[in-house]
Amino acid sequence: MTSFSIRAPLAWLGTGGFTPDVQIDLDGGVIASVGRVHPVADDVQVVAAAGIVMPAAADRHVHLELSDPADVLAGGVTAVRDLGWPADRIFPLADLSELPTFEGPLVRAVGPMLTVRDGYPTRAWWAPPGTGRELADVDDAVAAVRELSRAGATAIKVSLNVEAGPVVSDAELAAICDTAHEVELPVSAHAQGPGQVERALGAGVDELAHTPWTQRLSDGVVERCAAQLRIVSTLDILSFGRDTPELRTAVDNLRRFHDAGGAVIYGTDLGNGPVPPGIDLRELRLLLDAGLTHDEILRALTRAPIEPGAPADLIVVDGDPLTDLGALARVTTVIRGGRLAPAAEDARAEPETMSRPRG
Ligand SMILES: [Zn+2]
C-alpha cells in the first residue's frame, strides 16, 4: 500500500541515464513501485520534486559521535557505517537509528577495532576508551569476533597501523578473518605503514578502510587487491582541499586499483578533521581525479538503485549530478525510510533557505 509518492520531471534511478516524468511510490520504509506519473488515493502524500531525484548517499566510513547525525542526514546521507567506536555506545545508537523518530542516518557499526595492547587506536587522541579491543592471543581474537557478531556488528574492523604502535600477529589476523567469515561478516582493515596491505591480502581481508596512502603499492599488489577486496575511498582526510604527498600517493594507488577493475566505495572518515557532514564534494572530486567517471562516482556514493523493494531513501538535488558533481552539494530534499527528513521539510516551508550554506 502506498503511503507516500514523489513525482519528478527527471530521475537518476541508480544506473544508466535519466528517466523523465517519474513517480516513485513508497510503502513505509521501502519503494513499492517506480513508473510514470499516475493518480494516487486521496490520503497519499505527494511531493513534487523541484530537481532531480536520485538514491540517497551512504557513507561507509564514519565515526558518527564525532559529528551531528541530523546534519549528516540533511546533507543527503541516509545511511552510515561507523568503523570504530566503543561497543557500549555505538550498538545502542545503531538500534536507536532504526526508529522513525531518529533524526539522523541509519547506522550500521563494527564496534571497536581489533588491536593489541597499546596498539592503534588505544592511544589516539580522538578515540574514547573502548574504541580499540586489545586482543591477548589467537583464542581471544576468535572470542572477540564472535562477541561482536552477537552484538550486531555488520563487519569486523582490524587495525594494522604499524606507524602508531604494535599490531596483531599473522596468526591473530588469520584467526580474525577465518572467524569473521565463519559468521559471514566481512573484515575491514586499517592498513598503515610498510607491508600492511600485503598482510591484509594474505590473511583474506575483504576491504581496506582507507585508500593506502603511506606507500606506493606495486602493480602486482594493486592487481591482487583489485581481485580480492574493495577500498573505502577516504581521500579528503589526506589533504582537506590542499595538495599533499599523502594525497598524491593515495590517488595514484586508487587510480591503478580502479583501472585494474577494483571496487571503490565512498567513505569519508567523518569525524576525522574538517570533513563536512552530508555529502563531501571534495571526496567526490578526488574520486574524479582517481579516474572514476561521474556514473561510477554516483554508484560508489549511493546505497541502492531506485527499484521496488529497495530502501525508500531518496534525495532531490539541484542540478545534473551526471555532469556536475556540485549538484550533490545542493541537496534540497531528503527522504529516509519513506519519511521527509526534518531539515528538508523546513527547507520546503521556507524556500529561501533551500541553498543554505553548508558547514
Ligand atoms: Zn576512521
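The values are calculated or read from the model by the stated rules, or taken from the named source; none is laboratory data. Everything quoted here is computed from the prediction, not taken from an experiment. Every residue, glycine among them, receives a Cβ derived from its backbone with ideal geometry; neighbour counts consider all protein chains shown. Accessible surface areas use protein heavy atoms only, side chains included; no ligands, DNA or RNA. Shrake-Rupley method; radii C 1.70, N 1.55, O 1.52, S 1.80 Å.
Computed quantities for the displayed model
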read-out	value
Heavy-atom accessible area per residue - the chain, 1.4 Å, Å²	40
Highest-first arrangement of 207-215, 98-106, 248-256, where packing means the average Cβ count within 10 Å	207-215, 248-256, 98-106
Top of 206, 118, 313 by mean-square fluctuation, Gaussian network on the chain, Cα under 10 Å	118
Radius ratio Rg over Rh of the stretch 48-133, counting only Cα atoms, Kirkwood formula for Rh	1.07
Solvent-free Debye scattering, log10 I(q)/I(0), computed from the Cα coordinates of the stretch 251-306 at q = 0.15, 0.21, 0.27, 0.31 Å⁻¹	-0.44, -0.82, -1.16, -1.31
The chain - percent of accessible surface contributed by carbon and sulfur, probe 1.4 Å	51
Radius of gyration and Dmax over the Cα atoms of the stretch 105-247, both given in Å	14.7, 44
Rg in Å to one decimal, and Dmax rounded to a whole Å, for the chain via C-alpha atoms	20.5, 63
Most fluctuating residue given options 277, 305, 245, as computed from a GNM of the chain linking Cα atoms under 10 Å	245
Separation of alpha-carbon centers, the stretch 76-93 and the stretch 211-259, rounded to whole Å	25
Whole-percent pair-distance distribution, where bins are 5 Å wide, for the alpha carbons of the stretch 1-94	3, 12, 18, 18, 15, 12, 11, 8, 3, 1
Max mean-square fluctuation residue, GNM over the chain, Cα-Cα springs under 10 Å, options 329, 290, 310	310
Whole-Å semi-axes of the stretch 208-326's equivalent ellipsoid (Cα gyration tensor)	24, 18, 13
Chymotrypsin sites (Phe, Trp or Tyr not before Pro) restricted to DSSP loop in the stretch 216-303 with at most 16 other C-beta within 10 Å	240
For the stretch 38-73 versus the stretch 275-346, the gap between their alpha-carbon centres in whole angstrom	9
As computed over the stretch 140-210, the Cα convex hull volume per residue (Å³)	80
Among beta bridges that DSSP assigns inside the chain, antiparallel share in %, nearest 5	45
Mean Cβ count within 10 Å, highest first, over the residues of peptides 225-236, 13-24	225-236, 13-24
